[in-house]
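FYI, it's all coordinate maths here, none of it is from the lab. Every value quoted in this text rests on a predicted model; they were computed, and no experiment measured them. Here Cβ is always computed from backbone atoms with ideal geometry, including for glycine, and neighbour counts include all displayed protein chains.
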Amino acid sequence: MVEIVLALLAGAALAGGPLLWSARRATRTARTAAHRATDAENRADAATRRALAAEEGARAADARGRAAEARHTLAEARHTLAEARLAAALRETVHLAQERLPAATTALTHPRTPVPGPLDPAAGTDEFHHALDAALTAAVRAVLAERERTDAAARAALRGAASKIQALLIQVRSLLEEIQLSVDDPRLLALDFRNELTLRRVQSLAVLSGAWPGMTREDSPLAELCVGAQSRVAGYARVEITNHLREPRLAVAARAAEPVAIALAEILGNATAYSHPETRVVVSIEQGSSGALVVVDDMGVGMEPDQLARAGELLDGQAEVLLTELGDPPQAGFAVIGLLCRQFGFGCRVEPSPYGGVRAILRLPADLLTLTDPAAPLSALAPRPITQTAPVFDAGDALPTRKRRAPRIPRQDAGAPAGHAPLAAPTGQTPDRARTAWSALQSGTLAGRSAADPATSPEGPAATEGDDTP
């Protein structure tokens, strides 16, 4: 269109001057109009592009808004989940501190104590529950280490104190025996008896602390050991010993004689302490083909099944024994017997007694038994074997025979005061034999004096013993 107009104007210009000027002006106007039209078109195209861009921007902004809203919703869900997990973690942590840790530490001493698990095993992550279990395990290990350290320190202190007291008590025993040979005073027997009760206590503490029992014997007849153990308990008058041995010379080898005497004293201490003071404690000494048995029956209160189970663990010598967990006063009887059984090779178990109380059976294997010299006299107080109407055990023994040896000097206890040498038993007799022989000599005198004045009896009110076993 513009080209046509320009052509017309060019033709008009050829026609004349005025027309030429008008044509030129019209041409310029047309060109200006054309440029303006082109600019308008360009602006319109730019506006269209801007509108499209704005529309795209709006769509993008809308998409970003929806994405932001979705992220906000997800963040809220995660926040809620995090709060729930935090609350669950706090509950599990409190449960760990208040329930699981105390139960786990109690189970170290009482294995039957149940240890609870997590409140909700499904809540939280596996890593979180693994961390809780690791914390529980680490705490238990720390408690075990501290318990062992504390108990080791207590044993060391007790061992040193027990050895010193034991050395002094043995010296007191020797001095009393020396005085009894020249002074006829029944109070010496009462004093000697109380000294024996104290020595028995100290021997038990020495065994618990890991020390040597403190005395060395020669081969000792089993019946005499039973009588010696009887003399170490306050209720000795209630103990009735029946000897069913086929061989009256059956003896316990020297290495185990004193430990067996200590174990028997602990058993008799239990039997007299946990039965009525007017009831008997029946002791039966039996002999079989594979060893010997000492059966002790009381008519006391008996033991519950869980107590019997715990006693069995202690008597097996396998249960851990901690001084710090024996109670106040310490109930150490079964623990002492179990340690002696494990160290010296004999055995002991407890079960309900036909008499209604507890039956304790001390078993001595053949390798701890021997036969003493037939020429050596037995104690006057040892019960003589009785004829059995029916065999209790298989006949036959394959026991070695040993000659009596001279008494050996007790070894110096670790921790005893320097310069204090242990005292040896008088030549040809054991401490129990010397004491029982003296008792036999004065039994008639004591019987008459006791009838006239009960206060002079060594079994008077001051001789009571509040036994702390089992």
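Using the number of other C-beta atoms within 10 angstrom as an exposure proxy, rank Leu132, Leu364 with the fewest first. The partial results should precede the final answer.
On the way: Leu132 19, Leu364 24.
Ascending number of Cβ neighbours within 10 Å: Leu132, Leu364.
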Apply 1/(1 + (r/R0)^6) to the Cβ-Cβ distance of Ala122 and Asp328, taking R0 = 41 Å, and write down the FRET efficiency to the nearest 0.05. 0.40
So the FRET efficiency between Val172 and Ala131, C-beta based with R0 = 60 Å and rounded to 0.05, is 0.50
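To the nearest 0.05, what FRET efficiency results for Glu76 and Ala30 with a Förster distance of 60 Å applied to their C-beta separation? If you can, show how the numbers build up before the last one.
On the way: r = 67 Å, r/R0 = 1.12.
It comes out at approximately 0.35.
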Burial-style ranking of 156-165, 30-39, 172-181, average other-beta-carbon count within 10 Å with highest first, yields 156-165, 172-181, 30-39
